[in-house]
Amino acid sequence: MDADRETEQKERLVDFFDDNLMQERISSAINKMNALQRSDGSWSWWPGMPGSFYMTVEVSEMLVRQNTLIGTSEKTKDMLSKAFKFMGREIIDMVKEMKKAEKKGIKPSFPSFKALQWLYICALDGRTLPASVQSANDYLIPLLMKEIKAQSIYEKAMTAVIWSK
């Protein structure tokens with residue numbers, strides 16, 4: 001039985017190095033992600049649910065990293081363009097609310113982990129953002145710098161990537 005398991009493990013390991021099989025799996029996953037993307041550019045937790053900023057950030061980060069590792073396809077480029085529009089609108093709204101609160105005398109602080117993820121994805125992707133979205137990012141980055149002491153090591157690593165770009 002041990003020999004059979006070892007043989008089976010070796011066969012599975014060979015599959016990981018089969019370029020055609022890997023490309024087929026990647027293509028299949030991209031097609032599934034494309035089918036799950038909503039018309040507003042977001043992804044939801046399950047089909048039929050409203051779009052989620054959190055899920056959109058997570059999927060977008062995965063796609064940006066994939067593009068960095070194996071190259072950009074037209075399908076991922078299109079999916080990311082839609083997702084960046086959705087996330088950009090959400091970030092603009094978040095910053096508008098922060099500025100309203102600031103006018104009421106509430107001291108601004110860095111809003112959330114999702115804003116950190118957004119800035120991180122922007123840094124990894126390197127795309128040129130619309131002026132309104134870039135303005136929102138420019139508002140958030142100085143706030144991020146003030147929060148570095150309270151961040152976890154993972155958040156500090158993400159912040160380092162943001163600052164390096």
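The values are calculated or read from the model by the stated rules, or taken from the named source; none is laboratory data. Not measured: the values here are computed from a predicted model. Positions of Cβ are backbone-derived with ideal geometry, glycine not excepted, and every protein chain shown enters the neighbour counts. In case anyone asks, the SASA skips ligands and DNA or RNA and just uses the protein heavy atoms, side chains included. Shrake-Rupley method; radii C 1.70, N 1.55, O 1.52, S 1.80 Å.
Which value, in debye to the nearest 20, gives the size of the charge dipole of the chain about its Cα centre, when Lys and Arg are +1 and Asp and Glu are -1 at the Cβ?
Working: 24 positive and 22 negative charges, 264 e Å.
I would put it at about 1260 debye.
Loop-resident trypsin sites (Lys or Arg not before Pro) (DSSP state other than H, G, I, E or B) in segment 42-112 with no more than 10 further Cβ atoms inside 10 Å of their Cβ: 104. Please give every one of the aspartates and glutamates within straight-line cross-link reach of residue 99, meaning a C-alpha to C-alpha distance under 19 Å, and leave out same-chain neighbours fewer than 8 residues apart. Partners found: 90, 138, 147. Carbon-plus-sulfur accessible fraction, segment 38-165 (probe radius 1.4 Å, protein heavy atoms only): 58%.
Find the accessible area per residue for the chain; the probe is 1.4 Å, ligands and nucleic acids are left out, and the unit is Å².
Working: 10680 Å² over 165 residues.
Each residue of the chain exposes 65 Å² on average to a 1.4 Å probe.
Mean separation of Cα pairs under 8 Å and 6 or more residues apart, divided by the residue count, gives segment 92-165 a relative contact order of 44 percent.
Which helices count as membrane-span-like in the chain under these terms: full DSSP H, at least 30 Å along the axis by C-alpha, Kyte-Doolittle mean of -1.0 or more? Flagged H segments are 74-103. For Rg/Rh (Cα atoms, Kirkwood Rh), the candidate list reads [x] 1.09; [y] 0.92; [z] 0.99; the entry that matches the value derived from this model is [x].
Which of the chymotrypsin sites (Phe, Trp or Tyr not before Pro) across segment 1-65 are loop residues per DSSP, with 10 or fewer other Cβ within 10 Å? It would help to have the intermediate numbers written out before the result.
Values: sites: 16, 17, 43, 45, 53, 54; in loops: 17, 45.
Those that pass, being in a loop and sparsely packed, are 17.
For residue 9 and residue 31, what is the calculated FRET efficiency with R₀ set at 30 Å and r taken between the beta-carbons, to the nearest 0.05? Efficiency computed from Cβ-Cβ geometry: 0.55. Reported to the nearest whole Å, the Cα centre-to-centre distance from segment 109-156 to segment 7-34 is 34. With contacts taken as Cα pairs under 8 Å at a separation of at least 6 residues, segment 1-146 carries a relative contact order of 20 percent.
Quick check on segment 68-165: take the gyration tensor over C-alpha atoms, sort the square-rooted eigenvalues as a ≥ b ≥ c, and tell me if it's rounded (a/c under 1.5), prolate or oblate. Mind dumping the intermediate values first?
Values: a/c = 2.63, a/b = 1.41, b/c = 1.87.
Here segment 68-165 falls in the oblate category.
Projecting the Cα atoms of 139, 68, 113 onto the charge dipole of the chain, computed from C-beta unit charges around the Cα centre, puts 139 farthest toward the positive end. Rounded to the nearest 10 square angstrom, residue 14 shows an accessible area of 100 square angstrom against a 1.4 Å probe.
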